[in-house]
Structure formats: structure tokens, C-alpha cells
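A.B. asks: The structure is given below, and queries will be raised subsequently.
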Amino acid sequence: MQRPPQEDFSLKETKPHLGGGKVTGDKLTSTYDLVEQMQYLYVRVVKAKDLPAKDVTGSLDPYVEVRLGNYRGTTRHFEKKSNPEWNQVFAFSKERIQASVLEVNVKDKDFIKDDFVGRVMFDLNDIPKRVPPDSPLAPQWYRLEDRSGNKVKGELMLAVWMGTQADEAFPESWHSDAATVSGADALANIRSKVYLSPKLWYLRVNVIEAQDLIPGDRSRFPEVYVKAILGNQALRTRVSMSKTINPMWNEDLMFVAAEPFEEPLILSVEDRVAPNNDDVLGRCAIPLQYIERRLDHRPINSKWYNLEKHIIVEGEKKKEIKFASRIHMRLYLEGGYHVLDESTHYSSDLRPTAKQLWKSSIGVLELGILNAQGLSPMKTKDNRATTDAYCVAKYGQKWVRTRTIIDSFAPKWNEQYTWEVFDPCTVITIGVFDNCHLHGGDKPGGARDSRIGKVRIRLSTLETDRVYTHSYPLLVLHHTGVKKMGEIHLAVRFTCSSLMNMMHMYSQPLLPKMHYIHPLTVTQLDSLRHQATQIVSMRLSRAEPPLRKEIVEYMLDVGSHMWSMRRSKANFFRIMGVLGGLIAIGRWFDQICNWKNPITTVLIHILFLILVLYPELILPTIFLYLFLIGVWYYRWRPRHPPHMDTRLSCADNANPDELDEEFDTFPTSRPPDIVRMRYDRLRSIAGRIQTVVGDLATQGERLQSLLSWRDPRATALFVLFCLIAAIVLYVTPFQVVALLSGFYVLRHPRFRHKLPSAPLNFFRRLPARTDCML
């Protein structure tokens, strides 16, 4: 596979003309100062009155057509109404306007050909300009004219003005960019939208015991467990060890619940009669609205719940009320935890669920999504490659989606969004997608929106109050390797409201305190994160327009925990990079010991002598050295935010088969011979890891065997050495011992032997437990 040029994947700093500078009235567009100004012609069609009848029946089905050159937008039509109200806004991009006259026509909807009712004409040179925060332009009544310019019956209320994308009417308006899109559903799919993630809670179900159960077969000891179901989540306790009709468990089950609570918690006590044959002894349904909420680690009172016995009678469930069995439980919604729906490595929100526990915000994050360049064709329409791109940004509970720019490989969005920041050590994620649900493509089981690329920006890497304008490469990993899908142009600013509060955050725990007082297991966290992402994707896909499941899962990095040879290599090289500094220090010290540079070695001897004679200087010297290194490196501090690194990710030279394995489903869908080959490869890698782990265990066991008398002669020698060393160190000043030891280590190569030293030989001869392994 040919390796793409590395410079294509680099981050580029840009200098766009943000905010448009001064505008009419010498006002700055402060609300949109991180994007380039885009001029639009706005037409608000409010209503009409006294429209004349056109049909032979004396009725009128009116609608309005707004025409500007080749662009044409229409309102919805009303049946048999002479005083309709539309209140629709049309926006025409000024850079695409080629006409000099705006034409607003009122027409009558007909089966064969729509009848012309009247029109209003505007010269574009006479249209006023409006810039927020100016008040909206008041609509006016205009008398309709015929094609000859003569006044006719009927009036139309309109407002026409020139504005920018900062206008309040911009998000809901019909855009000339989307002139080829028809249908209300398709138009809704291309508009910008702000979404909020549902409020997530951890639900803890502490199952304590049950009483007075009535098993179906009383001739055997019941094997009872409790099964709990919440939506798509199902968990069960272990089988009770007390095999009686009063079993005990005292076991916790954890669920993820989302407000508003739509489904109850359903518990059933079941008896395992035989394999795959469980007898339900009783059920109860508990609405989550009535469950107590816990904000800290204080215990909650437990309650008894009645179990209802169900029998099936003619296909209907009927309650059998004979004798009430009971279950003893402690139920509560945990408000002190943060429900993890993102990876902890790049989480955008770390606050607890309960709002009462939130700390005040430390600043504001502003993001300007300017444009994209060089996007790859994503689909074919009318035998022509095209891309309908939109952006999604996620930070905290707030998701934003820009409008879709139709049929463009260099779309311009110029939309700006703002988030409150509560923790600087968080990450904002921006993804670019191709809209595949236009032109009648929104069908059940239809196309999925394609991913074009993703960018992550960590807030702690940004200087405060500085505007970062960069063009980020959009990189996507395919079966064939990493591919650049284009570039996205962003402007980012992190404004800090309180420097002291932000500095104080660095001393606080990353997660809420409940994660440390009552920590959840790694297995629990993985399972709960999976459930949380499923709930978030389901809720957002039900919004209008929907933020689809594939978008949410890509933004939340669902599946990033799966095995990948590429990621394993990348993590290994990251570890080697971290250890590289220690290895370099070891090599430098080895050169000192071997007198490779005699002057440096002599200076180290002098420094060592000073530190031994004045030990109180050791710690100040270390911290002063670190301070000087930090000040020295300040000159080369990073000036750009970090971005996706293909070399760090081992994506630029990944093997095609390894990539195919990474994109494989779980469980696998590949042929058996490929699976066998990959399994053998995994076994060989695991064998090497096994050897390394075994070597580490051997060294640790040798240390333990120093005093274990497993080798009596070796332990006797070591104990005798310890006695002699203790006596010598008691009578000899510590500084003398340190000097002698240091000078021995730093001795000249003339006094060294190539053979290993006596202590090392002694250590290597110590026994380990490898002899006892099969």
C-alpha cells in the first residue's frame, strides 16, 4: 500500500476575515465574531387578505412563490381560503444572486396549471439592511399587481431586508442553497438544530431478600434468583445460597435510566426448575418517578414490595390474589455519579447527574464552523458524484447540527455556537457527515449518513481568550487504509471567567466524589456506558429532525474498546515513547560511568561530592533543574491545538489484513480460514506477552526468595551479608558510605570487568517458582 504524503495530514493555520469587521451603524457583530459574514436577502411572507376567487366554484387555494433569478421558493398552500396566513421566511445567498429584481407571486393551486393571482416586485437596490441587535423589520401590506403593473384586488403582508446569518430568522428559513430539496421532511433534515442529551441517572437496585415464596414444586429445594428489566436492560442476581422459601441475596444491580422516565422497573422472582426452565414465582412493576434520589453516600431506607403471581387464562394475564409474597429491596437513583456515555479519555462532561451538586462554570467555549475544502464525493446522484455535507459538534449535554449544504465539495456554513465550560480538562468533538436522507432517501432500512471525518480539541491545550483559526484534516480509516476526506475550517475561543476557579479545578478529582467513595467495577462501567450510549442514540434519533444513531455512535466512539492490532501497536509505541526519556537517562549515565566524555564525568564527580557533603541541597537542586527545563522549553511550546496524528495512530502503514480485522463485526463474519489465521497470529503475540509477564514474575519471586530459605545457602549468605552491612553502616558515617559507593559506580573503565558483577550473579542464581509450573 502506497503511503500518502505526510504533509497532507498536517494542521494549517489560517487568517480568515472573522466577523466582517465594521458594519452599518458602526456596530460589531459580536454574536457572530468567530465566523465570516454571509449576506442574505430575507423575505418573510406573513399573510394575505381579500384575495380574489379564481376557480369556477368561486374558491381559491392560495400559495406564494418567491422568485429571484433562477431560484424559486414556495409556501404551503391553503384550500379555499382568501385570507391565508403563512409566516414563512426565505433566505437567498447574496453571493449567488444574479438578478436585480425580487418577484413575489401569489398563485392559485390547480390540478392542471396554477393560476396567477397577483405579484409584488422589489428592486434589490432599494431593500434595507438590518443587523442584530436591531429590532426585526416590521412587515408591511403591499397591494398586488397584475403582469402589466396595474393594481388588482388583494394585499400581501411582507418584510424584505438584507441581513447576515446572525439574523434570528436564519435557522428556520428556507434557503436558496436547498432549492433542489422538496418535501417538508427533507427540508427539516437540512436545517440547523440544537439538541440536548437526555438526563441520565444510575439506578441502583439492592436486592436484599424475599419472604413467603410459593414454589410450584414443593418437593424440592427452590433455586431462586431475581431478574430485573428496565427497557432493553436485563440483569439478574445469582441463585440464592439459602435454598428456602425465604431466600437472601444482598446483591446490587445497576441500570441506566433517562428522564423523562418512560418505562417502569419490572422485577420477577424466578425458580430454576431445570436448565432452560424457570418458574416465575412473582412479579412487581415499580415506576421510576416514585423512586428516591440519593445525592451522596448516606444509606437509603429499604422497603418491602408485594409480589403478584400471574397465571395465563385464555391468553390474558390475570392476577391470582391468594397469599402475598414479598421482596425486600433498597431502590434509589444515584445523583452523585456522572453517567459515562463517552470514553473517559476524551469526555466532554464530568459533572454529577444531580444539578444541586454542580459547581459554577469557569468559562465559555465558542466554536465557529466556517467551511470545508476538498471534500470527497460521497454518493452518486443523476450519474454525478456529489456530497451534501453537514457538521455535528458535541460538548457536554449540548449537541449542535449545522444546516446541510447541498451538492458542494467546499461548503460554507459560517455558524457559531457557545457552550458553558465547567472543567478545562474536557474535549469538544466535531464531526462532518454526508446527508443521505434527501431526495426521498428517508425510508425504513434506507441509507445511513456517511462519516466524512472527525476532529477533537482538548480545552486544556488552548490559551484563554485567544482565537484559534485552523484548517483541520478530516481523516477516516477505511479497509484500505487511512484516507483524507477533506479539510474543515474552524475558529475556537476559550474564554475564562475566573482564573482562580480554573486553577483550583486542577486540584480536584476528575470525576464526582461518589466514583471514589463507592467505585464501580470496570465491568460495570463498560456495561453501563454501553447502555448509556444506546439510550442517548435512541432518544436523539427520535428528535425532529433526527440525529441518527450512526452519527451519535461515531461521535461517542462506540466500539473503540474492541481489539485492534493497529491500536495495540500504537499503544506499545506510546509506552516506549514515555519510557524513552528514562532509557535516554540510562544511556547517558552509562556513558558517564564509562568515561566517554572525561570532562563531563569529572563534573558529575564534583556535583556528586557536593550533594553528598551537603545533602540538604539535593531536593532544591532537582526542583531548580526541572524549573529551568520548563522555562527553556517554553520557547518551543505548542502554538496549535493537537489534531489526529496518523503516525501516532499507526494508521499510515497499517497492514490491510489488520485493518480488515479491525472492521470485522463481533462476533466475526469472516470465513473460517481467515479467522484461523488471525487466531494463530493472536496466539503468537499473546505468547510473547506471556513470556514477558513470566520474566517479570520470575524477578519478583527471586526477590521474595532472598529471605524464604527456599535456597538455604543463598539465604544464609544474604542474611550474613545483612549482618555485616548493618555493623559496618552503624560505625561508618553515611556520607563516607555514599561517597565510596558513588565513586565505585563511577569508576574508570580500566577498573571494570566485562563479566557481570557478583551481586548480579548472586541474584540470577536465586530460585523462582518456574520449576513448579506445568
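A.B. asks: Please go through the range 102-122 and give me each residue that is touching a residue at least 24 places away in the same chain (Cβ under 8 Å), in a loop (DSSP other than H, G, I, E, B) and loosely packed, with under 15 Cβ neighbours inside 10 Å, ordered by number.
C.D. replies: Asp110
A.B. asks: Among the residues of the range 123-163, write down those that are outside any strand (DSSP E or B) and of a type in the set (A, V, I, L, M). Outline the logic, then answer.
C.D. replies: As a first pass, look at the range 123-163 and keep what is outside any strand (DSSP E or B): 124-128, 130-139, 146-150.
Answer for the range 123-163, where residues must be outside any strand (DSSP E or B) and of a type in the set (A, V, I, L, M): Leu124, Ile127, Val131, Leu137, Ala138.
A.B. asks: What are the pairs with Cβ atoms under 7 angstrom where one residue, in the range 728-757, is over 21 Å from His605 (Cα atoms) and assigned to a helix (DSSP H, G or I) and the other, located anywhere, is open to solvent by less than 70 Å² (accessible area, probe 1.4 Å) and of a type in the set (Val, Ile, Thr)? Sequence gap at least six, or different chains.
C.D. replies: Leu729/Val737
A.B. asks: I'd like the full set of residues that are surrounded by fewer than 20 Cβ atoms within 10 Å (Cβ to Cβ) and in contact with a Ser or Thr (Cβ under 9 Å, 6 or more places away or on another chain), limited to the range 394-411. Walk me through it before giving the result.
C.D. replies: Filtering the range 394-411 down to residues surrounded by fewer than 20 Cβ atoms within 10 Å (Cβ to Cβ) leaves 397-398, 407-410.
Result: Gln397, Lys398, Asp407, Ser408, Phe409.
A.B. asks: Taking the options Gly374, Gly336, name whichever one is touching a strand residue (DSSP E or B) at 6+ places or on another chain (Cβ under 8 Å), at pLDDT 85 or above and buried (at least 20 other Cβ atoms within 10 Å of the Cβ). Spell out the reasoning first.
C.D. replies: Numbers: Gly374 fails: buried (at least 20 other Cβ atoms within 10 Å of the Cβ).
None of the others qualify; the one that does is Gly336.
A.B. asks: Within the range 447-465, which residues are open to solvent by 30 Å² or more (accessible area, probe 1.4 Å) and in contact with a strand residue (DSSP E or B) (Cβ under 7 Å, 6 or more places away or on another chain)?
C.D. replies: Answer for the range 447-465, where residues must be open to solvent by 30 Å² or more (accessible area, probe 1.4 Å) and in contact with a strand residue (DSSP E or B) (Cβ under 7 Å, 6 or more places away or on another chain): Ser450, Arg451, Arg456, Arg458, Thr464, Asp465.
A.B. asks: Here's something else I'd like to know. Could you list, in sequence order, all residues of the range 236-277 that are assigned to a strand (DSSP E or B), surrounded by fewer than 19 Cβ atoms within 10 Å (Cβ to Cβ), touching a residue at least 24 places away in the same chain (Cβ under 8 Å) and of a type outside the set (Lys, Arg)?
C.D. replies: Within the range 236-277, Met248, Asn250, Glu251, Asp252, Ile266, Val273 qualify.
A.B. asks: Tell me, which strands (runs of 3 or more DSSP E) wholly within the range 317-424 include 3 or more residues that are touching a residue at least 40 places away in the same chain (Cβ under 8 Å)?
C.D. replies: 363-373, 389-395, 398-401, 412-421
A.B. asks: At pLDDT below 90, at negative phi and surrounded by 10 or more Cβ atoms within 10 Å (Cβ to Cβ): does that describe Leu746? Break it down stepwise before answering.
C.D. replies: Values: at pLDDT below 90: yes; at negative phi: yes; surrounded by 10 or more Cβ atoms within 10 Å (Cβ to Cβ): yes.
Answer is yes for this residue.
A.B. asks: Related question: Return the residue satisfying two criteria in turn: it lies in the range 633-647 and is of a type in the set (D, E, K, R) and surrounded by 12 or more Cβ atoms within 10 Å (Cβ to Cβ), and of such residues it is nearest to the chain's Cα centre (by Cα).
C.D. replies: Once the filter is applied, the top-ranked residue is Asp645.
A.B. asks: Would you mention how many residues in the range 128-141 are surrounded by 12 or more Cβ atoms within 10 Å (Cβ to Cβ) and within 13 Å of Arg44 (Cα to Cα)?
C.D. replies: The qualifying residues number 5.
A.B. asks: Where residues in the range 657-695 are basic (Lys, Arg) and within 18 Å of Ser568 (Cα to Cα), which of them is surrounded by the most Cβ atoms within 10 Å (Cβ to Cβ)?
C.D. replies: Taking the range 657-695 first, the residues basic (Lys, Arg) are 670, 676, 678, 681, 683, 688.
With within 18 Å of Ser568 (Cα to Cα) added as a condition, the list becomes 678, 681, 683, 688.
Values: Arg678: 19, Arg681: 14, Arg683: 10, Arg688: 9.
My answer is Arg678.
A.B. asks: Which one is most open to solvent (accessible area, probe 1.4 Å), of the residues in the range 221-235 that are in contact (Cβ under 8 Å) with a residue 24 or more places away in the chain and assigned to a loop (DSSP other than H, G, I, E, B)?
C.D. replies: By that ranking, first place goes to Asn232.
A.B. asks: Val56 fails exactly one of the following numbered conditions: (1) surrounded by fewer than 17 Cβ atoms within 10 Å (Cβ to Cβ); (2) modelled with pLDDT of 85 or more; (3) within 22 Å of Lys113 (Cα to Cα). What is the number of that condition?
C.D. replies: Evaluating Val56 over (1) surrounded by fewer than 17 Cβ atoms within 10 Å (Cβ to Cβ); (2) modelled with pLDDT of 85 or more; (3) within 22 Å of Lys113 (Cα to Cα) leaves (2) as the failure.
A.B. asks: On the basis of being within 20 Å of Gly586 (Cα to Cα), surrounded by 10 or more Cβ atoms within 10 Å (Cβ to Cβ) and either at pLDDT 85 or above or out of contact with any Gly (no Cβ under 9 Å at 6 or more places or on another chain) (or both), does Pro767 make the cut?
C.D. replies: no
A.B. asks: Any idea which residue in the range 533-561 is modelled with the lowest pLDDT, counting only those that are among the small types (Gly, Ala, Ser) and touching a Phe, Trp or Tyr at 6+ places or on another chain (Cβ under 9 Å)?
C.D. replies: In this case the residue turns out to be Gly559.
A.B. asks: A follow-up question, please. Just need a number here: residues in the range 188-219 that are free of Cβ contacts under 8 Å to residues at least 12 places away in the same chain and closer than 21 Å to Ile327 by Cβ.
C.D. replies: Matching residues across the range 188-219 total 1.
A.B. asks: To continue, here is another question. Gln98 passes all but one of (1) open to solvent by 30 Å² or more (accessible area, probe 1.4 Å); (2) farther than 30 Å from Glu415 by Cβ; (3) modelled with pLDDT under 90; which number fails?
C.D. replies: (2)
The values are calculated or read from the model by the stated rules, or taken from the named source; none is laboratory data. Values in this document were obtained by computation on a predicted structure and should not be read as measured data. Don't worry about glycine lacking a Cβ; one is built from the backbone with ideal geometry, like all the others, and counts go over all protein chains shown. The accessibility values were calculated without ligands, DNA or RNA, using every heavy atom of the protein model including side chains. Shrake-Rupley method; radii C 1.70, N 1.55, O 1.52, S 1.80 Å.
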